[in-house]
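S.K.: Here's a structure for you.
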Amino acid sequence: MRAVLTILAIWCAGLGAAAQFGKISILYQDLEAHYSSAGPVGIGLMVSIVGIVGLIFGTTAGLLVTRVGARRALLAALALGAGVSVVQSFLPAYPIMMASRVLEGVAHLTIVVVGPTTIATVAPRHWQAAAMTLWSSFFGLTYAVLAWGAPPLVAHWGDAALFWVHAGWLAGCFGVLWVLMPRQVALTPVRSGKSLLAQHLEIYASATLAAPAMGFVCYTVAYVAVLTLLPAVATPGWGGFIAVAMPLVSIVVSLTLGVWLLAYVPAVRLVQGGFAMGIAAALALWLLWGTGLGEAAAALMLAGSMGIVQGASFAAMAQLNPAPRDRARAAGAIAQLGNLGTTTGTPLLALILGRVGATGLAVFLILFFALGIAIHSIQARRRISG
């Protein structure tokens with residue numbers, strides 16, 4: 001029972017980490033008005049700076065966590081995140097706000113590196129796939145909840161209320177995990193005289209450490225871009241439904257069909273299967289474009305396929321890397337390449353949609369999903385050949 005409660009508490013910390021992105025997205029227009037002198041680029045940077053921290057320092061965080069320890073790192077990140085949200089509730093001057101977002105990026109990165117590493121270690125073997133799939137749902141679920149609950153909260157209590165609720169959530173996670181977070185999650189540091197750059201290269205040269213991340217970036221480059229842009233270009237009257245339904249379908253499929261399949265199929269094979277299903281969904285979306293109901297059905301099929309990839313990618317991290325210190329390094333790579341995908345996917349797809357429309361969307365999805373299948377095939381052959 002303690003293991004289950006610990007996993008749920010860490011997952012709740014993950015929800016708080018995702019809200020570090022989501023709260024700014026929800027308040028985007030209000031912040032744009034409040035910080036009008038910063039302009040659209042400045043507000044856009046306020047959203048993305050958390051991801052940029054992960055993009056630059058993702059793998060470094062995985063290396064450093066092995067030295068600091070999982071418990072200490074996670075509790076420090078939760079305390080930092082709560083404190084930063086309190087500061088942000090006062091809507092301080094733009095330079096202070098941006099400095100707080102950089103610190104928030106550090107807290108976010110630490111949570112998303114320590115979270116899956118600890119869950120994979122704490123979960124009993126027969127629960128591990130389900131626990132990793134649960135963890136993978138944190139981003140989509142948080143956005144769905146914020147889209148539903150944040151607007152009435154802000155309308156009644158003001159912008160500061162969202163920051164205070166977020167701070168309280170992270171503080172609550174801190175208190176629970178202070179009690180539950182195990183001290184014995186041993187992330188033994190890699191004893192090496194190599195430079196930080198050399199250690200990074202070692203991670204990305206490894207067919208076990210890097211494989212989950214290299215496949216995951218093909219998912220993230222598509223996931224956020226599609227959720228952001230597809231509702232806006234969908235058949236009139238269907239965009240709102242697609243915007244709400246896609247993340248929910250992704251989560252439900254991941255936690256049901258995905259977990260069931262992981263009991264019978266190795267995680268890497270399931271990632272490839274999810275990408276193959278995504279290719280079929282992309283073709284269906286192209287063929288049914290403009291039909292309304294058919295287009296929405298294809299979009300939900302696409303969401304389901306990405307839900308499979310999402311959960312199986314984190315399960316692959318645990319399956320391919322049984323040692324906790326290796327999981328920390330693999331999780332750092334997932335954070336780094338995941339942020340690369342989320343940062344680049346939306347502007348790239350926006351450019352493609354503006355020029356070639358639905359055909360470009362299908363080609364964009366098919367190319368990245370096929371790349372994900374190919375990368376995992378190459379890495380699997382490398383693991384077999386040694």
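The values are calculated or read from the model by the stated rules, or taken from the named source; none is laboratory data. Note that this is a predicted model, so its numbers are computed, not measured. Please note: Cβ atoms are built from the backbone with ideal geometry, for glycine as well, and neighbour counts cover all protein chains shown.
S.K.: Any residue at all in the range 53-69 that is in the same structural domain as Leu177 (by TED's automatic domain parsing), crowded, with 17+ Cβ neighbours inside 10 Å, of a type in the set (Lys, Arg) and out of contact with any Cys (no Cβ under 8 Å at 6 or more places or on another chain)?
M.R.: The answer is no, given that none of the residues of the range 53-69 is in the same structural domain as Leu177 (by TED's automatic domain parsing), crowded, with 17+ Cβ neighbours inside 10 Å, of a type in the set (Lys, Arg) and out of contact with any Cys (no Cβ under 8 Å at 6 or more places or on another chain).
S.K.: Taking the range 79-102 as the region of interest, how many residues are in contact with a helix residue (DSSP H, G or I) (Cβ under 8 Å, 6 or more places away or on another chain), farther than 20 Å from Ile334 by Cα, in a helix (DSSP H, G or I) and of a type in the set (A, V, I, L, M)?
M.R.: Total satisfying the criteria: 9.
S.K.: Being in contact (Cβ under 8 Å) with a residue 12 or more places away in the chain, of a type in the set (A, V, I, L, M), under 25 Å from Thr228 (Cα atoms) and touching a Lys or Arg at 6+ places or on another chain (Cβ under 9 Å) is the requirement here; does Val112 meet it?
M.R.: Spelling it out, it is not the case that Val112 is in contact (Cβ under 8 Å) with a residue 12 or more places away in the chain, of a type in the set (A, V, I, L, M), under 25 Å from Thr228 (Cα atoms) and touching a Lys or Arg at 6+ places or on another chain (Cβ under 9 Å).
S.K.: Would you check if Gln88 is without any contact (Cβ under 8 Å) to a residue 40 or more places away in the chain, among the polar types (S, T, N, Q) and either on the phi < 0 side of the Ramachandran plot or surrounded by fewer than 18 Cβ atoms within 10 Å (Cβ to Cβ) (or both)?
M.R.: no
S.K.: Considering each of Ala298, Ala350, Ala358 in turn, give the residue that is among the aliphatic types (A, V, I, L, M), over 17 Å from Gly372 (Cβ atoms) and modelled with pLDDT of 95 or more.
M.R.: Ala298
S.K.: Another question about this same structure. What's the total number of residues in the range 258-299 that are under 24 Å from the mean Cα position of the chain (by Cα), surrounded by fewer than 21 Cβ atoms within 10 Å (Cβ to Cβ) and of a type in the set (Phe, Trp, Tyr)?
M.R.: Selection size over the range 258-299: 1.
S.K.: Considering only the range 105-112, I want to know if a residue exists there that is under 19 Å from Thr256 (Cα atoms) and not assigned by TED's automatic domain parsing to the domain that holds Gly307.
M.R.: No: the range 105-112 contains no residue that is under 19 Å from Thr256 (Cα atoms) and not assigned by TED's automatic domain parsing to the domain that holds Gly307.
S.K.: Just the residues that are within 16 Å of Leu170 (Cβ to Cβ) and modelled with pLDDT under 85, please, taken from the range 43-85.
M.R.: Passing the criteria: only Val50.
S.K.: Further, regarding this structure: Among the residues of the range 291-305, is any not in a helix (DSSP H, G or I) and not charged (D, E, K, R)?
M.R.: Checked against the condition, which is being not in a helix (DSSP H, G or I) and not charged (D, E, K, R), the range 291-305 yields at least one hit.
S.K.: Got at least one residue in the range 316-331 being among the basic types (Lys, Arg), at pLDDT 90 or above, surrounded by fewer than 21 Cβ atoms within 10 Å (Cβ to Cβ) and over 19 Å from Ala234 (Cα atoms)?
M.R.: No, the range 316-331 contains no residue that is among the basic types (Lys, Arg), at pLDDT 90 or above, surrounded by fewer than 21 Cβ atoms within 10 Å (Cβ to Cβ) and over 19 Å from Ala234 (Cα atoms).
S.K.: Among (1) touching a residue at least 24 places away in the same chain (Cβ under 8 Å); (2) farther than 30 Å from Ala17 by Cα; (3) out of contact with any Asp or Glu (no Cβ under 8 Å at 6 or more places or on another chain); (4) among the aliphatic types (A, V, I, L, M), there is one condition Leu371 misses while meeting the rest; what is its number?
M.R.: In the conditions (1) touching a residue at least 24 places away in the same chain (Cβ under 8 Å); (2) farther than 30 Å from Ala17 by Cα; (3) out of contact with any Asp or Glu (no Cβ under 8 Å at 6 or more places or on another chain); (4) among the aliphatic types (A, V, I, L, M), Leu371 misses (2) alone.
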